[in-house]
1. Subtract the Cα-Cα distance of ILE314 and SER126 from 0.36 nm times their separation in residues, and report this length gain in nm to one decimal.
2. For the chain, set up a Gaussian network in which alpha carbons nearer than 10 Å are linked by springs, and say which option among THR286, THR59, THR160 fluctuates the most.
3. Roughly how many nanometres apart are two label points built 7 Å out from the Cα toward the Cβ at ASP139 and ARG53?
4. Given the whole protein assembly as supplied and a 1.4 Å probe, what does the accessible area of ARG279 come to in Å², nearest 10?
5. List, in the order given, every pair from LYS8/LYS167; LYS98/LYS328; LYS118/LYS197; LYS46/LYS132 whose Cα-Cα distance in the structure shown is over 24 Å.
6. Take ASP175, project a point 7 Å from its Cα along the Cβ direction, then tell me which residues of the stretch 105-142 have their backbone nitrogen under 17 Å from it.
7. Among LEU72, VAL128, ALA16, flag the residue with its Cα farthest along the positive direction of the charge dipole of the chain, charges on Cβ as +1 for Lys/Arg and -1 for Asp/Glu.
8. Which order do peptides 105-115, 310-320, 126-136, 215-225 fall in by mean Cβ count within 10 Å, highest first?
Amino acid sequence: MVTENKAKSRIFLERADGDVKASLERGLRYIDWDRFVNSKSTVFIKPNFTFPRHIKGVTTSPELLRGLLQLLKGKAGRVILGESDGANHAFSAEEALKGHGMYDICREEGAEAVSLSKMPSTTIESAVPGKKVKVQLPDLLLNEVDCFISVPVFKVHAMTTVTLSLKNSWGCVPDTMRCLQHQDLAYKLALIASRLKPRIVIIDGLYSLDKHGPMYGEPVRTNLLLVSDNTVAADALAAMVMGFSPSGIQHLAVAQKVGLGPLSPADMEINTDWSKYRRQFRIERTLIDRASGLLFHSGLLAKIVMDSALTPLIYGIAGFFRSSDEKKVAGQLGNRRYPGPY
């Protein structure tokens, strides 16, 4: 599975201090989005809803999504916005869509809001360089979508360093227990990107997330907006803006290796000097994070911890070691099982 990217990937980066929709429109014009969207196109928008309601820096801003839907109205033939259930039965996609006001916003802007977890799906399998992996993806995304748009958030992740557009695609896996499938995640993300082929990436940096992620951390008002025509280039530049080396982030390195996009700004056409926006983000891992790291490498251990007769006991014991932030998240989820850094 190798793809080729001959032309330089385009990236638009701007501080959206005023009209967010106007900044977004400038970005879409910069990457020449007319190449991907026309009156016959079916467009799918994948936000990052890792919580059942909007939290600044944690989930994609409804304000930004409304602006995107308004720009697509009358331009695309069909517009669908969707999300899947929160991992480990934390919450349903319907709860997240409702909590972010998406049913109302989509109705007002002529789009559809859907749960990917309620749709037929297909398991696809491939070798990603030399490693055979498989993932389950909705048939809608595999067969009906002309332009996939990923709209993640600028944020760190306790397990994967950053969670941007490539990691956002993990939420397309409709299985609510996809937390049991984190093994070889970097290769699975490359497989997903190769099949869904994100044409447009819009990274929401109105608020960014520092210190932890994906479900809590320190929101930082950065007012950034990044728009790109390549998922790897977008994530690589965003990672650099956050102070990380993209080559040191496994899923970005794997995606670059199989030809999904570049990691170096030299291979990108950028509208501005990106370095003026750079700041140093950091990750403060908790005891639960360190323990969860083991589950990312062992499917059997993940099954025992998250989906077995021992699960209630293990979660009960783990509750004593949770940080105050983790306890707060668990409480906000209505005492449902805190899924950890999935």
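1. Values: separation 188, 0.36 × 188 = 67.68 nm, distance 3.44 nm.
That works out to 64.2 nm of additional length.
2. Fluctuation is largest for THR286.
3. It works out to 3.7 nm between the two label points.
4. Accessible surface of ARG279 is approximately 110 Å².
5. Values: LYS8/LYS167 22 Å; LYS98/LYS328 21 Å; LYS118/LYS197 22 Å; LYS46/LYS132 26 Å.
Among LYS8/LYS167; LYS98/LYS328; LYS118/LYS197; LYS46/LYS132, the Cα-Cα distance tops 24 Å for LYS46/LYS132.
6. Residues 116-127, 132-139 fall inside that zone.
7. VAL128
8. Values: 105-115: 17.7, 310-320: 12.0, 126-136: 14.5, 215-225: 19.7.
Descending mean neighbour count gives 215-225, 105-115, 126-136, 310-320.
The values are calculated or read from the model by the stated rules, or taken from the named source; none is laboratory data. Since this is a predicted model, take the numbers as computed values, not measurements. Positions of Cβ are backbone-derived with ideal geometry, glycine not excepted, and every protein chain shown enters the neighbour counts. All accessible areas refer to the heavy atoms of the entire protein, side chains included, with ligands and DNA or RNA removed. Shrake-Rupley method; radii C 1.70, N 1.55, O 1.52, S 1.80 Å.
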